[in-house]
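Single-structure report; data block below.
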Amino acid sequence: MSLSVAEKTKQYVLGTYARAPFVLDRGEGMYVVDDAGNRYLDFASGISVNALGQCDAGITAAAHEQFQRLGHVSNLYYSAPQADLAEALCQSSFADKVYLANSGTEAVEAAIKFARKVAYTRYGPGQKTGIVAFTGAFHGRTMGSLAMTPREKYQKAFRPLLPDVQIAPFNDVDAIAEFVTDATCAVFVEPIQGEGGINPASPEFLQALRDVCDRVGALLVFDEIQCGMGRTGTLWAYEQTRVVPDMLTTAKALGSGLPIGAVLMTDAVAGVMGVGDHGSTFAGGPVICRVAEATVKRISDPAMLAHVKEMGALLVERLNELNSPHVVEVRGRGLMVGVEFDMDVTPLIQASYQHGLILINAGPQVLRLLPPLIVEPEHIDALIDGLTSMLAELPEGTAA
Ligand SMILES: Cc1ncc(COP(=O)(O)O)c(C=O)c1O
């Protein structure tokens, strides 16, 4: 007897994920479809990845054409797609140079190394190795990024993590000076925390971080892996602040579903790195670079960014009309929206599947809405109808 997909997965794939009770088989724009033919309206985008929805014609054509022309080559050779993507990223941001990686956590690890090398070059070995990150942050699962992701559940079995990392309170301007000192080489911050619960950093906080980094000679790194690539209504979230970082990490939506990460940086940072200082076999390959370049071009279109702002405002307006005593707050920017409840949102996520919706959380009490940027008002109507029914169906006495 052959095993079902779920049984086979459980038997052969390492069990590090909790999975929804269906098998996804195909996708069409805003929808994914399971192997029984059930359609789900996607308000998660594969965790902020599918900005252009599923199976976008331009993206699939870019991947197909490039793979037929030239696939993997390694970084021992030049190839036009890599150069074109790097140019598009620099021309669309503060950056002078780009380092390409294969995932978000790899981009963060690279940024840690670049910050260490800048401090090593300017101040000498061991003089300035400290890294500061914040409460509620999520920067990834590998040993360096995990050290900057202060969740006991994620860290406890894996210590010792990268040393010299300190966690300061998020959005607390007064606490900064205690943590960011002459021994600090870099400060990592998400302009809007994603996994931590959709928490925007205040403009004053980001400005204070910029000021202290300039004073002590540390680099300011914005992790825009979740909040960048058009999600908040500008290509990069930092564009909505007055603060420009020294480095920015991106991934997720950059690849429209193929794996990629990137570090954007100024020439001052890039200048310390030389041949052999860092590298990757796969990173910057022709297929992903063509796809990412096409994605950057599509998302930077002013009409697309205006659409994100318009749909984001509509989404927040409609969520605020949800007449539920359980809703504590609706917050976010553009199409990165969190709804905080006075209860665990797991029952809502489980119920969403019966209502033909894909929803995810950000921490126990926050529903996280990250639809593809191509969302239209009728999809928001369908979400609100689904949420209204789900909230009405909650058992009496449901509370925190
Ligand atoms: C802000 C942020 N940084 C880093 C990461 C890690 O990215 P990846 O899962 O691609 O390693 C994530 C993933 O959720 C993220 O949201």
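The values are calculated or read from the model by the stated rules, or taken from the named source; none is laboratory data. Fair warning: this is a prediction, and the values are worked out from it, not measured in the lab. Don't worry about glycine lacking a Cβ; one is built from the backbone with ideal geometry, like all the others, and counts go over all protein chains shown. Remember, those area values only see protein heavy atoms, side chains included, never the ligands or the DNA or RNA. Shrake-Rupley method; radii C 1.70, N 1.55, O 1.52, S 1.80 Å.
Looking across segment 213-252, the residues that are small (Gly, Ala, Ser), in contact (Cβ under 8 Å) with a residue 60 or more places away in the chain and within 11 Å of the ligand (Cβ to nearest atom) come down to Ala237, Ala251.
Each residue in segment 91-114 was checked for being within 22 Å of Val243 (Cα to Cα), within 16 Å of the ligand (Cβ to nearest atom) and open to solvent by 30 Å² or more (accessible area, probe 1.4 Å), and 1 of them qualify.
The condition of being within 16 Å of the ligand (Cβ to nearest atom), modelled with pLDDT of 95 or more and either touching a Ser or Thr at 6+ places or on another chain (Cβ under 7 Å) or not charged (D, E, K, R) (or both) holds for Leu206. All told, Ser300 falls short of being hydroxyl-bearing (Ser, Thr, Tyr), within 16 Å of the ligand (Cβ to nearest atom) and either at pLDDT below 95 or open to solvent by 10 Å² or more (accessible area, probe 1.4 Å) (or both).
Could you give every pair whose Cβ atoms fall below 6 Å, whose first residue belongs to segment 299-317 and is within 11 Å of Pro377 (Cβ to Cβ), and whose second residue is open to solvent by less than 30 Å² (accessible area, probe 1.4 Å) and β-branched (Val, Ile, Thr), counting only separations of at least 6 or pairs across chains? Close Cβ pairs (under 6 Å, with a partner that is open to solvent by less than 30 Å² (accessible area, probe 1.4 Å) and β-branched (Val, Ile, Thr)) amount to Met311/Val375; Leu314/Ile380; Leu315/Val337; Leu315/Ile380. The set of residues from segment 32-85 being in a loop (DSSP other than H, G, I, E, B) and either within 16 Å of the ligand (Cβ to nearest atom) or touching a Pro at 6+ places or on another chain (Cβ under 6 Å) (or both) comprises Phe43, Ala44, Val49, Asn50, Ala51, Gly53, Leu70, Ser79.
Determine whether segment 94-107 contains at least one residue that is of a type in the set (A, V, I, L, M, F, W, C), part of a helix (DSSP H, G or I), out of contact with any Ser or Thr (no Cβ under 6 Å at 6 or more places or on another chain) and touching a residue at least 12 places away in the same chain (Cβ under 8 Å). The answer is no, given that none of the residues of segment 94-107 is of a type in the set (A, V, I, L, M, F, W, C), part of a helix (DSSP H, G or I), out of contact with any Ser or Thr (no Cβ under 6 Å at 6 or more places or on another chain) and touching a residue at least 12 places away in the same chain (Cβ under 8 Å).
Of the residues screened, Leu305 is not one that is hydrophobic (A, V, I, L, M, F, W, C) and surrounded by fewer than 18 Cβ atoms within 10 Å (Cβ to Cβ). With the structure loaded, tell me whether Ala88 is away from the ligand (no atom under 16 Å from the Cβ), part of a helix (DSSP H, G or I) and open to solvent by 30 Å² or more (accessible area, probe 1.4 Å) or whether it fails that test. Spelling it out, it is not the case that Ala88 is away from the ligand (no atom under 16 Å from the Cβ), part of a helix (DSSP H, G or I) and open to solvent by 30 Å² or more (accessible area, probe 1.4 Å).
Let's see how each residue does on (1) in a loop (DSSP other than H, G, I, E, B); (2) over 16 Å from Val108 (Cα atoms):
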site	(1), (2)
Phe222	no, no
Ile225	yes, no
Gly228	yes, no
Arg231	yes, yes
Tyr238	no, yes
Arg242	yes, yes
Pro245	yes, no
Leu248	no, no
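Selection of segment 124-162 for residues being of a type in the set (D, E, K, R) and more than 16 Å from the ligand (Cβ to nearest atom) yields Lys128, Glu152, Lys156, Arg159. For Tyr40, the conditions (1) among the hydroxyl-bearing types (Ser, Thr, Tyr); (2) open to solvent by 100 Å² or more (accessible area, probe 1.4 Å); (3) within 21 Å of Leu370 (Cα to Cα) all hold with the exception of (2). Looking across segment 138-147, the residues that are outside any helix (DSSP H, G or I) and open to solvent by less than 10 Å² (accessible area, probe 1.4 Å) come down to His139, Gly140.
Checking Leu264, Leu314, Leu319 one by one, the residue that is of a type in the set (A, V, I, L, M, F, W, C) and either within 16 Å of the ligand (Cβ to nearest atom) or part of a strand (DSSP E or B) (or both) is Leu264 and no other. Between a residue in segment 322-349 that is within 26 Å of Pro302 (Cβ to Cβ) and any residue that is basic (Lys, Arg) and open to solvent by 30 Å² or more (accessible area, probe 1.4 Å), which pairs come within a Cβ distance under 8 Å, given they are 6 or more apart or on different chains? Between residues of segment 322-349 that are within 26 Å of Pro302 (Cβ to Cβ) and residues that are basic (Lys, Arg) and open to solvent by 30 Å² or more (accessible area, probe 1.4 Å), the close pairs are Gly334/Lys309; Val337/Arg331.
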